[in-house]
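Inspection log for the structure reproduced underneath, given as structure tokens.
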Amino acid sequence: MTSQQQLDQQFMAEALVLASQAEQQGEIPVGAVLVCDNKIIARGWNQSIQLHDPSAHAEMIAIRQAGATVANYRMLDCTLYVTLEPCPMCAGLLVHSRIKRLVFGASDLKTGSAGSVFNLVASDKLNHQIEVLPGVLAEECSTMLSAFFKRRRAEKKTLKQQTKIND
């Protein structure tokens, strides 16, 4: 394993910790870290439910924090590590912020915009393309998301059954 592969796994492990934090807050477990010069400059986790904000995805939170940290709206020469492939909104954000490299864990076969459904981050129609490395700690990322949604479906089923009993 190369040192870059080791770093990619190390930073994705950090994103997984943040995904766990999102889950503990009742959010979909997605975490992100933004790295420049092999240092984490920003962290984010999903907070859409808590903040009543559909744009409060892990990537959005991390990039907003990074912009304030570096006092720039461009994240040149930075890598974003995120546990789930970005949606179209977040992929657009990455292009506009000029992220150099995107590393993600689990593919998103419903809304993934870094190769699964769309490939917005590599579109030659846009003025910036991003280097993408999918599948880093994919099993761990996918397992966390699958377990969350399985638990959520079970909770909804239980609630529905309790409602029928009380009616």
TODO: Report V17's accessible area, 1.4 Å probe, all protein chains in place, as a number in Å² to the nearest 10.
DONE: 90
Open item on the list: I want to verify a result. In a Gaussian network model of the chain, Cα cutoff 10 Å, which of these has the top mean-square fluctuation: M12, M144, M89?
Closed with: M89
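Please state the shape class of the range 40-127: rounded when a/c is under 1.5, otherwise prolate if a/b exceeds b/c and oblate if not, all from the C-alpha gyration tensor.
It comes out oblate by the Cα gyration axes.
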Open item on the list: Using alpha carbons only, how many angstrom separate the centre of the range 44-83 from the centre of the range 103-120?
Closed with: 18
Task: Cα-based helix-to-principal-axis angle, 3-24 vs the chain, degrees rounded to 10 - done: 30
Task: Fluctuation leader among L102, L76, L84 - the chain, Gaussian network, Cα springs under 10 angstrom - done: L76
- [ ] Collect residues whose amide H, placed 1.01 Å from N in the peptide plane, falls under 5 Å from the amide H of L84; neighbours closer than 5 in sequence don't count.
- [x] G31, G105, A106
- [ ] Using a cut-off of 15 Å between beta-carbons, work out the net charge of the residues near Q47 (Lys and Arg +1, Asp and Glu -1, Q47 not included).
- [x] -2
Open item on the list: Between (1) 17.8; (2) 16.3; (3) 17.2, which entry matches Kirkwood radius over Cα pairs in Å as derived from the coordinates of this structure?
Closed with: (2)
TODO: Kindly write out, for the range 143-150 in residue order, the coupling ³J(HN,Hα) from the Karplus curve 6.51 cos²θ - 1.76 cosθ + 1.60 (θ = phi - 60°), rounded to whole Hz, with x marking Gly and Pro.
DONE: 4, 4, 5, 4, 4, 4, 5, 5
Task: Positive-end residue of A91, Q25, L133, charge dipole of the chain with Cβ unit charges - done: Q25
Task: DSSP-assigned coil residues among trypsin sites (Lys or Arg not before Pro) in the range 82-142, each with at most 14 further Cβ atoms within 10 Å - done: K110, K125
TODO: Quick one: grab the alpha carbon gyration tensor of the range 122-167, order the square roots of its eigenvalues as a ≥ b ≥ c, and give me rounded if a/c is under 1.5, else prolate or oblate depending on whether a/b is larger than b/c.
DONE: oblate
TODO: Obtain the nm distance between the two label points defined at H96 and K164 by a simple spin-label model: each point lies 7 Å from its Cα along the Cα-to-C-beta direction.
DONE: 4.6
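For the range 37-167, what's the relative contact order in percent, using C-alpha pairs closer than 8 Å and at least 6 residues apart?
Taking the mean separation of contacting Cα pairs over the length of the range 37-167, I get 17 percent.
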Open item on the list: Please list, in order along the range 88-103, the HN-Hα scalar couplings obtained from phi with the Karplus expression 6.51 cos²θ - 1.76 cosθ + 1.60 (θ = phi - 60°), rounded to whole Hz, x for Gly and Pro.
Closed with: x, 4, 6, 4, x, 4, 4, 5, 5, 8, 6, 4, 7, 9, 10, 10
TODO: Could you check which residue among I28, I63, I41 shows the biggest mean-square fluctuation in a GNM of the chain with a 10 Å Cα cutoff?
DONE: I41
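The values are calculated or read from the model by the stated rules, or taken from the named source; none is laboratory data. Since this is a predicted model, take the numbers as computed values, not measurements. Note that we place each Cβ from the backbone using ideal geometry, even for glycine, and neighbour counts take in every protein chain shown. Each accessible area value is taken on the protein alone, full model and side chains, heavy atoms only, with ligands, DNA and RNA left out. Shrake-Rupley method; radii C 1.70, N 1.55, O 1.52, S 1.80 Å.
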